[in-house]
Each structure stands twice: as C-alpha cells, then as structure tokens.
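Reviewing the structure listed below.
The values are calculated or read from the model by the stated rules, or taken from the named source; none is laboratory data. Treat the numbers as computed from the prediction; the structure is a model and nothing was measured. Here the Cβ positions follow ideal geometry from the backbone for every residue, glycine too, while neighbour counts run over all protein chains shown. With ligands, DNA and RNA removed, areas are computed over all heavy atoms of the protein, side chains included. Shrake-Rupley method; radii C 1.70, N 1.55, O 1.52, S 1.80 Å.
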Amino acid sequence: MPVVKEETVAIGSDADVVLVRQRVRRRAQELRFSLVDQTKLVTAASELARNALEHGRGGEMLLQVLEEPPRSGLRLVFVDRGPGISNVELAMKDGYTTGGGLGLGLGGAKRLVNEFAVESAPGAGTRVTVTKWH
Amino acid sequence: MDRIPILRMGEFLLVTIQVDMHDQLALTLQDDLTAQITRTGARGVLIDISSLDVVDSFIGRMLGSIASMARLMNAETVVVGMQPSVAITLVELGLTLHGIRTALNVEKGMALLRAGAARRSRA
Amino acid sequence: MAVNLIHLPRILERHGEALLADWIREQLQSRSRTGAIKEGELREQCAEFLRLFREATTKGGVDMTRPEYGPLRELLANVSASRGAQGFSPSETAKFVFSFKRPLFMRLREELMRDPVALADETWAATELLDELGLYTTEVYQKAREAVIVRQQEEMLELSTPVVKLWDGILALPMIGTLDSNRTQVVMETLLEKIVETGSEVAIIDITGVPTVDTLVAQHLMKTVAAARLMGAECIISGIRPAIAQTIVHLAIDLGTVVTKANLADAFKAALDKLGVAQLPGR
C-alpha cells in the first residue's frame, strides 16, 4: 500500500492535542473526506492523542496519506512511551478507565474508523494504528 | 486567547465557544462559569457550540460537569447549536451527554431557559 | 523508449493539409453512425489533433506522458467526453485516433521508400504512440462513464429520501424501500442538516414504506434519534406495521425512549402537541 505523504506530530502537552486535531483535519480535507468522516477521524485522533498524553507520558503521531486506487486513506499511528496496556481486550471495553474519564477512548475511537489495531505490552509502551478510507 | 468570555444576559449566562479548546482552557472555563453563577446568582447557562467542529469525550465530559455543577447551584444548562456531523460522531463514540438539555440555536435555548425559570419560580 | 522520431514531424509539417483530407475521408467512409457528428466539427477536431500531434512529437518525442503532450491529452479527453455524451461506444471513440494510422503510414511509406530501416523504425514508433493515444481515449471514456454512474447513484439516493416540511417546526421523512447501511447514513445526515436549516424541533421518520426492519436498520434509526436529541430536536417514528412490530419484539430490539406512532397522522398530532400548537377539534 503506497504511502504518498508522511508527517510526524510530537505529543507532549495539551496544546499538541489541538495540533494533532488541526493536522488531521487539514489532511482529511485535502483528501476530500465528507464532513462527517472528517469529524469522526479528527475526534478519534483527539481521543488517541489524549490517551498517549495521559497514560503514555507523551509520544508522537505519525500521519500517512495512503493511495490505493480507486480509494485513498489516512492512517494515524500513535506511539507512546508509557507503561503499556496489560489487558488490551479489557481496555477496549466502554467504561473501562484508569484515568478517571468516561473510558470511551479506545473503544470509541475504534467505532469512528475503518481499521483499528493496538499493540502493547507491559513496560513497552503502546502503539495504536487507525485507518480511515475514502 | 487564554479565557473564554462569559456574557451576562439578565438572569442567564451566555458562553460562545469559538476556538478549538485545549484541555486546560476547557477546565478554566468550568472554573470561571461556576464562579460567575455564584457571583451573579444566574438561573441558567447557555453554551453555544455552533462554531465547534469537534467535540471529543473530554469536551463532552466537561459539558456534563458544568451542567451537574450548575444544577447544584440552582442553575439550568442548555447546550445549543451542535452541528450534525458532531452529533453523529458523538453518538458513534458512545457519548449521549445524558442529563444535558439541548436546543437548536441560541434563541430556542433562551426560550427553554425562560420556561424553566418560570416553572421553578412557580413551584 | 529511446526511439526519436526524425521524419514524422517533418512529414506532418509538409503534408499536413493532405493528411487532414485523407484522414477525414477515411473516417467519413468507415463511420457507422452517419451524420452523428457534423463534418465541420469533425474537421475541427482533426485539424486540432494534427496541430497538437505535430507539436508534441517535435518537442516531446514519442513519450505521451511528457508535459509536451498535455494539450494533446486534453484535446483527446474532450473528444472522448463529447462522444461519450453523444452515445458513441468506447471502440467507436478510440477509432478517432486509430483511423489516422492508414493515411499517416501511407505518407511514411512514400517518403521513406528508399530507407527501409528508417521506415520500419518510424512506423513502429508511430503505431505504438497512436495505440497509446487511442487507449487513452478509452480510459477517459470509462472514467467519464463511472462519474456519470456515481452521480446518478447519488441523485437517486437524494430523490429517494425527500425531507418535507409539514408545519413550521415539523419535518417529515417518508422512507420508502429497503434500507441498507449506506442509504441510511445518507438519510440520517440529510435529515439532521434539514433540522438545522429549518430550525425544526420535531422530525417524523415514517417507515410505512419500508418492507423490513432488521437489527442494523433499527440501530441506525436509534442513532439518528440520539444525534437529533444532541442537537436539540426530537424524532417520532411512525408507520410501524404489525409485521415490523413483531420483528422488533422477536429480535429484542430496544427502541428505548423513542416515541413511536402507528401512522403519520398520529405522529403529526403528537408533534403539534409537543410544539404546543392549539388544534381545532376533529370531526
């Protein structure tokens, strides 16, 4: 699957979460995603960036523009340096939270995109990959 | 911009969120609003989010907290102007903003607050 | 492709007028749809092709992906699009280019009679180039067709989901036909946008014309209702026929707090009540 463009956004503060939203929005607009799809992807990115910040002691987002004619897509990879998730299945459940939030982050983000994958191990950080196709 | 302005309209407070808020700004708004309700004795809070093109679970949670806190201080909260794409996304995310009243626009939100205030003063 | 055309641009230059005449005659003779294209229009397209073809081969060699071929590609795209719109088939459209081969090769042979090697090289290069250009028209033709189909599908979607204003503040969405996930999503978005546009506080979704409701469709309806609530509007679902009521109960679909009515009239009444509109006593 050819990656035609790539950029990285560091996630170290809540201002960076705003930056993540803006970058994802701009790329989604360039790819002419529908307004609803733009909103879904930006919202998912916001959830995942905040996760990386709050539970993962920060990290970064890798943004890739994919071309696979006739469709194009955006892939976002969130990598953090946190303690990792010991039970990914449990963390995906709505209502599961360790940070005092609503616990909608991972499971909610999954429902907003087309492809979703989590790789994590205790002590090794977490890597969440989401893709939305147009 | 490090503070979101709060306007006073009679016995109600009006907040128009026009910027993509970072989390700290949202928390500051929460503090400012509760302080203003106490100071002015406001009976209602109107939050206009028609300019927001994203509401994630953090902002959603903040709106819920504001409504709960305001209710404890005898003020009603109405969130107005949510865009269709934002509403669809929130539903998919699993966030229904339970316990928050909503209206299509500022005018209808004001009418809702007025009706509520009249009902409560009768009671 | 390393071959560079040496003689071709020169031949195009010297015999331009004659080539044009031969080519047009060729097309008029072989064409199946007599009179479908006016001769004047054909002459114009051919003359323009010759001019741009000469420029492109002079400056850009035989590689049609080079920028020198831009104007020629554009011309072919226009020709292809207009013929597609006139009802020509892809192969008829491609013949516009392929029919140029015979007149061109005749001139090449005349000019290069004494140099068989050059004749072979130039003919080979020219035939490859013209094949590519001909296939290009087919490609454009297909893309234009696909665009038409996509547009028609979208128009059908819009047509099949008309949102009507019943009263100041009351919208109705009569749904007809089978609901799939894609269509329901469009319906949902259209309804929510109309709610904002018209400032309507109540929307009636009438499913009288929907043959079956499965779990997925019910979920979509619930999501629409939830999204409308977030925006400050209420939905009423009407037209739940006995068979659908049975399915809903059998599938244990929870319609939760959604207001449902048996028919559109009852739903309209409920909507007026909700808005506090005083009603005249019924007969």
Review point. For the stretch C:223-244, does any single residue satisfy the condition of being over 26 Å from A:Gln38 (Cα atoms) and open to solvent by 70 Å² or more (accessible area, probe 1.4 Å)?
Key: yes
Check your understanding: Which residues, taken from the stretch B:102-111, are facing another protein chain (nearest Cβ under 8 Å) and either in contact with a Ser or Thr (Cβ under 9 Å, 6 or more places away or on another chain) or surrounded by fewer than 14 Cβ atoms within 10 Å (Cβ to Cβ) (or both)?
Key -> B:Leu104, B:Asn105, B:Gly109
Exercise for review: Evaluate the following for A:Val118: is it in a strand (DSSP E or B), modelled with pLDDT of 85 or more and open to solvent by 20 Å² or more (accessible area, probe 1.4 Å)?
Suggested key: yes
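How many residues does the stretch B:56-101 hold that are polar (S, T, N, Q) and either open to solvent by less than 20 Å² (accessible area, probe 1.4 Å) or part of a helix (DSSP H, G or I) (or both)?
6
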Point to revise | Single residue of the stretch B:88-101 satisfying the filter (more than 17 Å from B:Val78 (Cβ to Cβ) and more than 7 Å from chain C (Cβ to nearest Cβ)) that is modelled with the highest pLDDT | key: B:Thr89
Review point. C:Met64 is checked against (1) buried (at least 17 other Cβ atoms within 10 Å of the Cβ); (2) outside any loop (DSSP other than H, G, I, E, B) and fails just one. What number does that condition carry?
Key: (2)
Practice item. Could you grab me the full set of residues in the stretch A:22-39 that are under 14 Å from A:Glu7 (Cα atoms) and without any contact (Cβ under 8 Å) to a residue 24 or more places away in the chain? Key: A:Gln22, A:Arg25, A:Arg26
Check your understanding: Can we say C:Lys59 is open to solvent by 50 Å² or more (accessible area, probe 1.4 Å), touching a residue at least 40 places away in the same chain (Cβ under 8 Å) and touching a helix residue (DSSP H, G or I) at 6+ places or on another chain (Cβ under 8 Å)?
Key -> no
Check your understanding: Which one of these is out of contact with any Asp or Glu (no Cβ under 6 Å at 6 or more places or on another chain), aromatic (Phe, Trp, Tyr) and closer than 30 Å to C:Ile237 by Cβ: C:Trp167, C:Trp124?
Key -> C:Trp167
Review point. Can you name every residue in the stretch B:85-123 that is in contact (Cβ under 8 Å) with a residue 12 or more places away in the chain, among the hydroxyl-bearing types (Ser, Thr, Tyr) and over 21 Å from C:Leu191 (Cα atoms)?
Key: none
Check your understanding: Residues of the stretch B:7-17 being within 14 Å of chain A (Cβ to nearest Cβ) and open to solvent by 30 Å² or more (accessible area, probe 1.4 Å), which ones?
Key -> none
Review point. Picking from A:Glu6, A:Glu60, which residue would you name as being within 12 Å of the chain's Cα centre (by Cα), open to solvent by 10 Å² or more (accessible area, probe 1.4 Å) and in contact (Cβ under 8 Å) with a residue 24 or more places away in the chain?
Key: A:Glu60
Practice item. Hand me the list of helices (runs of 4 or more DSSP H) wholly inside the stretch A:12-98 holding 1 or more residues that are more than 9 Å from chain B (Cβ to nearest Cβ) and either at pLDDT 90 or above or under 29 Å from C:Glu146 (Cβ atoms) (or both). Key: A:14-30, A:35-54
